[in-house]
Amino acid sequence: MAYVDICVLPVPKKNLDAYRSLARKMGKIWREHGALAYAEYMADDVKPGKRTSFPQSVKLKPGEVVWVSRIVCRSRRHRDGVFAKVMSDKRLRPMMNPKAMPFDARRMFFGGFKVVIDL
């Protein structure tokens, strides 16, 4: 079964174009290094909850929207190899400068998931 990395982050609405541009570049780099798929999703119907929710998870501020990224690889082992190649790609360095990022990376969270059911 495949292995999926999910990333959840807040993006200021004023930076949506800059974030889309960054995401397109990142997606190309991930795909060049072997990821099977790369997708970005912008929240459309994610209301704050009483205990937890997508907005609460990233401490969403007024004027921001929740984004989710998905990267698909063949397996955890394949993902680890792709990840190592991506992280050593020199094109990534300018994009990883926290001051240049179009979002607050301190409120981003991510993790790897085993695909259990894929209909």
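FYI, it's all coordinate maths here, none of it is from the lab. What you see is a predicted model; the values in this text were computed from it and never measured. Note: ideal-geometry Cβ built from the backbone for every residue, glycine included; neighbour counts use all protein chains shown.
In the range 7-54, of all residues being more than 21 Å from Ala100 (Cβ to Cβ) and among the acidic types (Asp, Glu), the one that is farthest from the chain's Cα centre (by Cα) corresponds to Asp45. A search for C-beta distances below 7 Å between a residue of the range 78-90 that is under 17 Å from Gly112 (Cα atoms) and any residue that is polar (S, T, N, Q), counting only pairs 6+ apart in sequence or on different chains, returns nothing. The set of residues in the range 1-19 being over 18 Å from Val58 (Cβ atoms) and in contact (Cβ under 8 Å) with a residue 12 or more places away in the chain consists of Met1, Ala2, Tyr3, Val4.
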